[in-house]
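**Student:** First the structure, then my questions, so here it is.
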Amino acid sequence: MSKKVLYLASGNKHKKAEMQQILPDYEIRIPADDGIEFNPVEDGNSFYENSLIKARALWELVKVPVIADDSGICVDALGGEPGIYTSRYAGPEFMHGKADGSKISQDEQNRFLIQQLNATGSSNRGCHYACAMVLLINPDRFFVAQETFEGELIHTIEEQAGTGGFGYDPIVWLPQYKKTVAEISAEEKNKISHRGKAVRAIAQILRIL
């Protein structure tokens, strides 16, 4: 029997792989798999709003149930920044992204974020990832789960470690593991991560639909 298809409103193959591992009973597809151009304007004011924008945009293209998530890293001493602007973050001068929409490399983002936290002089290195996930059945019927994943930012870029995960994972330290997020296995990450917890909540809903 072929698996049911669930579309993921993302172009991120890392997210697709994580989702596929947590939802093995479904075939997870992203728009690019079907040659669909997908780049909605994420102009919401929260992770949830951006997630719903992406879900609705993809549903209009495929007209079948879709999953969308919006996630980011929130640094306590920076008032929760960069938050929903995580992917666009370009240092203290461009906290919410550059005006021309251009992005800097992940390595530069990691360096800037550590430097910006250090510049505050705060001893609080706490941070967390947040993930809002939407399962949209149709435009008027949807479910939402939002979860977090707590850690600490390392002190210097030289302390970054690990090749697993993606994004800011090499600079987020997990005291309970004495490793960065990028150093733990994919299985371990899926058990405790913001996205892992959110998609498991969505999986419970899928079972009763």
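**Student:** Please specify each residue of the range 133-148 satisfying the condition of being open to solvent by less than 60 Å² (accessible area, probe 1.4 Å), within 12 Å of residue 197 (Cα to Cα) and touching a Phe, Trp or Tyr at 6+ places or on another chain (Cβ under 7 Å).
**Tutor:** Answer for the range 133-148, where residues must be open to solvent by less than 60 Å² (accessible area, probe 1.4 Å), within 12 Å of residue 197 (Cα to Cα) and touching a Phe, Trp or Tyr at 6+ places or on another chain (Cβ under 7 Å): just 148.
**Student:** Are there any helices (runs of 4 or more DSSP H) wholly within the range 91-209 with 2 or more residues that are over 17 Å from the mean Cα position of the chain (by Cα), and if so which?
**Tutor:** Of the helices (runs of 4 or more DSSP H) lying wholly inside the range 91-209, those with at least 2 residues that are over 17 Å from the mean Cα position of the chain (by Cα) span 106-120, 194-208.
**Student:** If you don't mind, another one. If you scan the range 54-92, which residues turn out to be farther than 26 Å from residue 181 by Cβ, out of contact with any helix residue (DSSP H, G or I) (no Cβ under 9 Å at 6 or more places or on another chain) and open to solvent by 50 Å² or more (accessible area, probe 1.4 Å)?
**Tutor:** Within the range 54-92, 56, 60, 63, 64 meet the criteria.
**Student:** Against the definition (open to solvent by less than 60 Å² (accessible area, probe 1.4 Å), within 30 Å of residue 141 (Cβ to Cβ) and in contact (Cβ under 8 Å) with a residue 12 or more places away in the chain), how does residue 172 come out, yes or no?
**Tutor:** Criteria not met by residue 172.
**Student:** Go through (1) closer than 21 Å to residue 78 by Cβ; (2) touching a Phe, Trp or Tyr at 6+ places or on another chain (Cβ under 9 Å) one by one and return the number of the condition residue 121 breaks.
**Tutor:** (2)
**Student:** All but one of (1) open to solvent by less than 30 Å² (accessible area, probe 1.4 Å); (2) touching a helix residue (DSSP H, G or I) at 6+ places or on another chain (Cβ under 9 Å); (3) more than 25 Å from residue 187 (Cβ to Cβ) hold for residue 45; state the number of the condition that does not hold.
**Tutor:** Looking at each condition in turn, residue 45 falls short on (1).
**Student:** Moving on. If I filter the range 96-109 for residues that are under 23 Å from residue 48 (Cβ atoms), in contact (Cβ under 8 Å) with a residue 60 or more places away in the chain and open to solvent by 50 Å² or more (accessible area, probe 1.4 Å), do I get at least one hit?
**Tutor:** Within the range 96-109 (the criterion being under 23 Å from residue 48 (Cβ atoms), in contact (Cβ under 8 Å) with a residue 60 or more places away in the chain and open to solvent by 50 Å² or more (accessible area, probe 1.4 Å)), the answer is no, since none of the residues qualifies.
**Student:** Just the residues that are β-branched (Val, Ile, Thr) and under 11 Å from residue 19 (Cα atoms), please, taken from the range 183-201.
**Tutor:** 199 - this is the single residue of the range 183-201 that is β-branched (Val, Ile, Thr) and under 11 Å from residue 19 (Cα atoms).
**Student:** Looking at this structure, is residue 37 more than 26 Å from residue 191 (Cβ to Cβ), surrounded by fewer than 18 Cβ atoms within 10 Å (Cβ to Cβ) and touching a strand residue (DSSP E or B) at 6+ places or on another chain (Cβ under 8 Å)?
**Tutor:** no
**Student:** Can you tell me which residues in the range 149-169 are open to solvent by 60 Å² or more (accessible area, probe 1.4 Å) and either within 18 Å of residue 23 (Cβ to Cβ) or of a type in the set (D, E, K, R) (or both)?
**Tutor:** 150, 152, 158, 159
**Student:** For residues that are of a type outside the set (A, V, I, L, M) and assigned to a loop (DSSP other than H, G, I, E, B), scanning just the range 1-34, find the one that is least open to solvent (accessible area, probe 1.4 Å).
**Tutor:** 10
**Student:** Which of the residues that make up the range 1-54 are among the aromatic types (Phe, Trp, Tyr) and over 15 Å from the mean Cα position of the chain (by Cα)?
**Tutor:** Hits for the range 1-54 are 7, 26, 38.
**Student:** Give me the pairs, please: first residue somewhere in the range 30-59 and within 17 Å of residue 199 (Cα to Cα), second residue anywhere and in a helix (DSSP H, G or I) and open to solvent by 10 Å² or more (accessible area, probe 1.4 Å), beta-carbon distance under 7 Å, and either six or more positions apart or on two chains.
**Tutor:** 30/16; 47/84; 50/84
**Student:** Can I ask one more? Going by the conditions given, is residue 125 open to solvent by 10 Å² or more (accessible area, probe 1.4 Å), under 18 Å from residue 181 (Cβ atoms) and touching a Leu at 6+ places or on another chain (Cβ under 8 Å)?
**Tutor:** Answer is yes for this residue.
**Student:** Starting from the range 1-15, take each residue that is more than 18 Å from residue 25 (Cβ to Cβ) and list its partners that are modelled with pLDDT under 90 and open to solvent by less than 70 Å² (accessible area, probe 1.4 Å), counting only C-beta distances under 7 angstrom and pairs at least six apart or across chains.
**Tutor:** 14/166
The values are calculated or read from the model by the stated rules, or taken from the named source; none is laboratory data. Here the structure is a predicted model, which means the values were calculated and not measured. Please note: Cβ atoms are built from the backbone with ideal geometry, for glycine as well, and neighbour counts cover all protein chains shown. Ligands, DNA and RNA are stripped out before the accessible areas are found, and what is left, the full protein with its side chains, is counted by its heavy atoms. Shrake-Rupley method; radii C 1.70, N 1.55, O 1.52, S 1.80 Å.
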